[in-house]
Structure formats: C-alpha cells, structure tokens
Amino acid sequence: MENFTPGSALTGGVLIGLSTVLLMGLVGRIAGISGIVNGLLWPAADWAGWRLAFLIGLIAGPVAWRTAGGFVPPVEITAQLPVLLAGGLLVGAGTVLGSGCTSGHGVCGLARLSPRSLVSTLIFMAVGIVTVFVIRHVIGD
Amino acid sequence: MKKFLAGFAAGFIFGIGLTVAQMTNPAKVLAFLDLFGAWDPSLALVMGGAVMVTFYGFRLLRARAAPIYDTAMRWPSLTVIDARLIGGAALFGLGWGLIGLCPGPAIASLGIAPQRTALFVLAMLAGMSLTRWLRQRRAEAAAV
C-alpha cells in the first residue's frame, strides 16, 4: 500500500461531492457524467446548454489547476491500441445500458441510498476487480 | 446563461476534484482494482468523501421544490433492477478494468493529456451511440 494517498483522495472526493450538490442545487440535475454526455449525443426535449457547459468545465478544471501550479498526475495508459478502443466501446455501451457510471450510480446514487445504484456499483466494481485479476495475475504471470 | 455558468462551475470543480484525487491517472484506478496485487485503496476514500458530502447535501436539497436556476428538481425515479442494469454494469466494469478509465476521468483528461485519452473517448462515444441506436431499433421493431 505504498502508493496510498489518503489526504489527496479524501480532498478530491469532497470536491466531487461539492460539485454534485452544486449542480443539483442550481440546475436540479444529477452529476452523472455518462448521462450528461448521453444527453448531448442524442439531444432530446430536455437538451440544455448546462450539459455542454459542465463538460467544458470538466476539461478546463484540470488545465486551470495545472496553470495555477497544482500537481497534475500523469495519465498512464499501458494498454495496446485495440484494447484501448475495446475498453472505450465497452464503457460507452455499458453506461448507456446500465444508465450510469461511477459518478451517477457510484457517487450520486449511493448517496441517495438507491438500491439500483448499489447493485450497479457492486457489479461494476466486482467485474473491474476480476478483469484486473485476470489480466495481471492469470494472463500476466 | 445562469444555468450555463452553473453547469460550468460544477464541471470545473468536478474536474479539479478528480485531478486532486489523482483519479485522472488510470494506473491509480487499476491499482485500486488490483486487490490481489500492490493494492492502493485511494479510490475508496475518493468515493467515500464524495458520497458523504453528496449524502448530506442532497438531504438538505430534498426539501426544495426547485433548484435556483430551473423549475424542477430532477431526482431519478427509476427503481427497477433488471437484466439491463446488471448487464450494463458488467460491460462497464469490464471496460473500466481493461483501461482504468471511466467517463468522468476520460473527459477530464482531454485538456491535460489529449493524445492519451482522445481515442478512448471517441470509442466511448461510438459505444454510446451504437447502443442507443440498437435499443431504438429494437423498440421500433417491437412496436410494429
């Protein structure tokens, strides 16, 4: 556990929590990233600029943080290109089918004590753990 | 305009939160999922902190009929636990475990490391569009 960073993890988590409360209090929406993207891809009757604005802010935040001298960790991706693309496809398909991801189900849903989100979070966590286990300790060894 | 600015502010804080928490680094996420290797529990504290603040914040907001810049609070209303929810979560978990990226960090990384994440995001958008299209086609076929 030499890479454990409890202080920054908790601080970052609190900031994410503040963001979800802000979005609900000001715009009345759940800060679920896959849902926000999905609503932009397929503009429905409830299309609104706040979705686009949220994503622009999501990209601008880390850039501003780096400009202000904050620590920005490296983005380390070791997967080969076909695996990277397969991963993206699966994440896209899965979040549309399952109506949410780590933010919508994992943060907002758990905070609402939603059984649906609890089931979703337990499953994507378990499958993620098994996937990493197979890649690193079954195929990898 | 106010809704636009509110959305921007929320996204901005979300992006900084992910960066501070180091969740924009897929290696950090995979280290959390690697329970049987050099396990890094950081992600649990990120989620714990976020859930705690959201839990109390949402409890305060529950009493409100409307947000400040709109006319209704859109609380999720779905409660059904079906094959779609379970299958979707499983597919998502598989993709997440392969790369260590989920939608938030993938998009948040577009400004700081686009060469790494842009292809993933494009594939993700394709996966979303394809799934929506297939679902719509199935719904139309069922309606005939």
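Computed from the coordinates by the stated procedures, all read-outs in this text should not be read as laboratory data. Given the structure is predicted, the values throughout are model-derived calculations rather than measurements. Ideal geometry is used to build each Cβ from the backbone, glycine not excepted, and the neighbour counts take in all protein chains shown.
Cβ-to-Cβ counts within 10 Å put B:Val144, A:Val14 in ascending order as B:Val144, A:Val14, the fewest first. Taking other C-beta atoms within 10 Å as the exposure proxy, A:Ser34, A:Ser8, A:Ser117, B:Ser77 rank B:Ser77, A:Ser8, A:Ser117, A:Ser34 from fewest upward. Rounded to the nearest 20 debye, the dipole size of segment A:6-139 about its Cα centre is 120 debye, using +1 on the Cβ of Lys and Arg and -1 on the Cβ of Asp and Glu. What the phi angles of segment B:55-69 give under the Karplus curve with 6.51, -1.76 and 1.60, with θ = phi - 60°, is a coupling list of 4, 6, x, 5, 5, 5, 7, 3, 6, 7, 7, 8, x, 5, 10 Hz, glycine and proline written as x.
Counting only other chain Cβ atoms within 10 Å of each residue's Cβ, the peptide B:131-141 averages 2. In order along segment A:85-98, the Karplus-derived 3J(HN,Hα) couplings, from 6.51 cos²θ - 1.76 cosθ + 1.60 at θ = phi - 60°, round to 5, 4, x, x, 4, 5, 5, x, 5, x, 6, 6, 4, x Hz, and Gly and Pro are given as x.
Residues B:Ile68, B:Ile107, B:Ile112 in ascending order of nearby Cβ atoms (within 10 Å, fewest first): B:Ile68, B:Ile112, B:Ile107. Need one word for the protein assembly as shown: rounded, prolate or oblate. Basis is the Cα gyration tensor (sqrt eigenvalues a ≥ b ≥ c); a/c below 1.5 gives rounded, then a/b vs b/c decides. Cα axes put the protein assembly as shown in the rounded bin. Here r is the Cβ-Cβ distance between B:Arg59 and B:Asp82 and R0 is 25 Å; the resulting FRET efficiency, rounded to 0.05, is 0.35. In chain A, the alpha-carbon atoms span a convex hull of 160 Å³ per residue.
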